[in-house]
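**Q** Got a structure for you, questions after.
Every number in this text was worked out from the coordinates using simple rules, so none of it is lab data. Here the structure is a predicted model, which is why all the values come from computation and not from measurement. So basically every Cβ, Gly included, is an ideal-geometry build from the backbone, and we count neighbours across all protein chains shown.
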Amino acid sequence: MERVEKFLKDAEVYYLATVDGDRPRVRPFGTAHIFEGKLYIQTGKVKDVSKQIHANPNVEVCAFKNGEWLRVAGELVEDDRLEAKQSMLDAYPSLQGMYSADDGNTEVFYFKDATATFSSFAKAPEVVKF
Ligand SMILES: Cc1cc2nc3c(=O)[nH]c(=O)nc-3n(C[C@H](O)[C@H](O)[C@H](O)COP(=O)(O)O)c2cc1C
């Protein structure tokens with residue numbers, strides 16, 4: 001899981017795909033943070049992406065870096081605890097101008113039953129489950 005977090009951070013941007021009815025939706029994301037042994041991402045409840053995750057928590061992310069790409073597929077579980085949100089905001093001080101742990105908008109989700117696949121054209125895919 002640490003390798004997945006590092007790849008996402010080093011890539012600086014990954015693309016988060018959600019399901020919206022019968023359509024895929026995708027957008028750039030950047031937050032990736034391990035808290036209490038789980039990999040979290042952050043968003044805001046006002047966003048469509050949040051509404052889509054609540055309606056269907058099955059998501060996939062993809063990032064590319066140095067000839068290698070990573071896909072992480074899994075279920076997102078909301079963690080409404082202030083300490084989980086604060087840990088994320090502490091890891092991303094740049095978010096603190098827009099979000100605070102108790103603003104009623106900030107939300108964090110962790111991956112459950114995740115399958116991470118590291119791929120490249122040079123070698124066989126490597127799969128990590130967490
Ligand atoms: C590099 C980059 C990183 C971003 N990271 C996040 C993030 O971690 N969480 C988030 O909610 N929005 C993030 N955004 C903004 C979302 O992409 C944007 O709000 C998007 O419109 C949300 O999707 P939606 O319109 O389907 O709700 C990021 C944008 C960029 C360009």
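**Q** Kindly express, to the nearest 10 degrees and within the range 0 to 90, the angle between helix 82-91's C-alpha long axis and the longest C-alpha principal axis of the chain.
**A** 60 degrees
**Q** Simple spin-label model, 7 Å along Cα-to-Cβ: residue 64 to residue 20 in nm?
**A** If labels sit at residue 64 and residue 20, their model points lie 2.3 nm apart.
**Q** Between 0 and 90 degrees, rounded to the nearest ten: what's the tilt of helix 2-11 against the longest Cα principal axis of the chain?
**A** The angle comes out at about 90 degrees.
**Q** Please work out how much length the chain gains when fully extended from residue 45 to residue 121, using 0.36 nm per residue of separation minus the C-alpha to C-alpha distance, in nm with one decimal.
**A** This chain segment gains 23.6 nm when fully extended.
**Q** Further question: What list of ³J(HN,Hα) couplings, whole Hz, do you get for segment 63-69 from phi and the Karplus terms 6.51, -1.76, 1.60, once you set θ to phi - 60° and write x for glycine and proline?
**A** My calculation for segment 63-69 gives 9, 10, 7, 6, x, 10, 10 Hz in order.
**Q** Sticking with this structure for a sec: Over 30 Å between Cα atoms: which of 51/123; 47/123; 85/123; 65/112 fall into that group?
**A** Listed pairs above 30 Å: 51/123; 47/123; 85/123.
**Q** Can you give me the P(r) profile for the chain? Cα pairs, bins 5 angstrom wide beginning at 0, each as a whole percent.
**A** Answer for the chain: a P(r) of 2, 11, 21, 24, 21, 13, 6, 2, 1, 0 percent.
**Q** Next up: Any idea what the relative contact order of the chain is, in percent, if you count C-alpha pairs under 8 Å spaced at least 6 apart?
**A** Contact order relative to length: 25 percent.
**Q** Still on this model: Taking Cα centroids, how far is segment 76-112 from segment 14-37 in Å?
**A** 15 Å
**Q** For residue 33, enumerate residues with amide H under 5 Å from its amide H, sequence gap 5+ or separate chain, H modeled in the peptide plane.
**A** Close amide H contacts, sequence-distant or interchain: 40.
**Q** Right, next: Across segment 53-61, in residue order, what do the Karplus-derived ³J(HN,Hα) couplings come to in whole Hz, using 6.51 cos²θ - 1.76 cosθ + 1.60 with θ = phi - 60° and x for Gly and Pro?
**A** These are the phi-based 3J(HN,Hα) values: 5, 5, 6, 8, x, 7, 9, 9, 10 Hz.
**Q** Still on this structure, I have one more. Taking the Cα centre as origin and putting +1 on Lys and Arg beta-carbons and -1 on Asp and Glu beta-carbons, what dipole magnitude results for segment 2-129, to the nearest 20 debye?
**A** 400 debye
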